[in-house]
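The values are calculated or read from the model by the stated rules, or taken from the named source; none is laboratory data. In this text, all values refer to a predicted model and were calculated from it rather than measured experimentally. Cβ placement follows ideal geometry from the backbone for every residue including glycine, while neighbour counts extend to all protein chains displayed.
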Amino acid sequence: MTLDALIDTLPIVAKDLKLNYSSLVRNNSELTPQQLWGTVVATAIATRSAALTGAVLESAAAQLSPQVLEAAKSATAIMGMNNIFYRFQHLSSNPKYATMPARLRMNGLRGHGVEDVDFELWCLAVSAINGCGKCVDAHEKVVREKGATEELVMAIVRVSSVIHAVGVALDAVAAQAVQPEPEVAAV
């Protein structure tokens, strides 16, 4: 199922999500197509919603080159690891953890083959979804140093928030669909 078709299946309680999706994805004028669709891919995967991820990957294949699509997936994978590690360092009250080396391989941050600012924007978007303040801070600083405006950062975060919410709504619908029928007591 295409992403547009999937969005059209959202229930009435998700009307705002449909409207926001329409303005931020279908009719986006703030982001380049690569920035937009890379963000949609990275954040859909980060939602862990199988239905959303499948539809996004199908739709994004027509929007992105294979190399860009793989880079967006890579951003999600590396941030899935880093967001846990650095969020732990940030949340722990033990200051020693912040001084200890990560000792995690992070080659994906360099060998992705796309514009650095776009890759960093995708890392920022995934970090926002995963709630890692340390990574949000670090990637926001990098994109700003590379010339991204605060408006561009907010455009990415808007798209990310809507894609995440769509994943949540779709998973709620799916969960409701698999609920067993209540048993009727025998008389």
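Among the helices (runs of 4 or more DSSP H) confined to the stretch 1-91, the ones with at least 3 residues that are over 18 Å from the mean Cα position of the chain (by Cα) are located at 15-21, 66-91.
Inspect all residues belonging to the stretch 65-84 and state whether any of them is surrounded by fewer than 17 Cβ atoms within 10 Å (Cβ to Cβ), within 19 Å of Ala155 (Cβ to Cβ) and not charged (D, E, K, R). No, because not a single residue in the stretch 65-84 is surrounded by fewer than 17 Cβ atoms within 10 Å (Cβ to Cβ), within 19 Å of Ala155 (Cβ to Cβ) and not charged (D, E, K, R). A search for C-beta distances below 8 Å between a residue of the stretch 50-66 that is among the polar types (S, T, N, Q) and any residue that is modelled with pLDDT under 95, counting only pairs 6+ apart in sequence or on different chains, returns Ser59/Thr2; Ser59/Leu3; Ser59/Asp4.
Of the residues in the stretch 9-31, at least one is among the acidic types (Asp, Glu) and touching a residue at least 40 places away in the same chain (Cβ under 8 Å).
Confirm whether Glu58 is within 26 Å of Arg110 (Cβ to Cβ) and among the acidic types (Asp, Glu). Considered against the rule, which asks whether it is within 26 Å of Arg110 (Cβ to Cβ) and among the acidic types (Asp, Glu), Glu58 comes out as no. Every condition in (1) without any contact (Cβ under 8 Å) to a residue 12 or more places away in the chain; (2) within 22 Å of Ala138 (Cα to Cα) is met by Phe85 except one, and the failing one is (1). For Ala169, are the conditions met, namely being closer than 30 Å to Val13 by Cα and either among the basic types (Lys, Arg) or in contact with a helix residue (DSSP H, G or I) (Cβ under 9 Å, 6 or more places away or on another chain) (or both)? Taking the combined requirement at face value, the residue satisfies it.
Listed here are the residues, each with its yes/no results for (1) closer than 26 Å to Gly133 by Cβ; (2) in contact with a helix residue (DSSP H, G or I) (Cβ under 7 Å, 6 or more places away or on another chain); (3) surrounded by 14 or more Cβ atoms within 10 Å (Cβ to Cβ); (4) among the acidic types (Asp, Glu).
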position: Ser23; (1), (2), (3), (4): no, no, no, no
position: Thr32; (1), (2), (3), (4): no, no, no, no
position: Ala60; (1), (2), (3), (4): no, yes, yes, no
position: Asn94; (1), (2), (3), (4): yes, no, no, no
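Tell me which residues, restricted to the stretch 92-102, are part of a helix (DSSP H, G or I) and among the hydrophobic types (A, V, I, L, M, F, W, C). Across the stretch 92-102, the qualifying residue is only Ala98. Taken as a whole, the stretch 109-119 holds at least one residue that is under 22 Å from Arg144 (Cα atoms), under 17 Å from the mean Cα position of the chain (by Cα), buried (at least 20 other Cβ atoms within 10 Å of the Cβ) and modelled with pLDDT of 95 or more.
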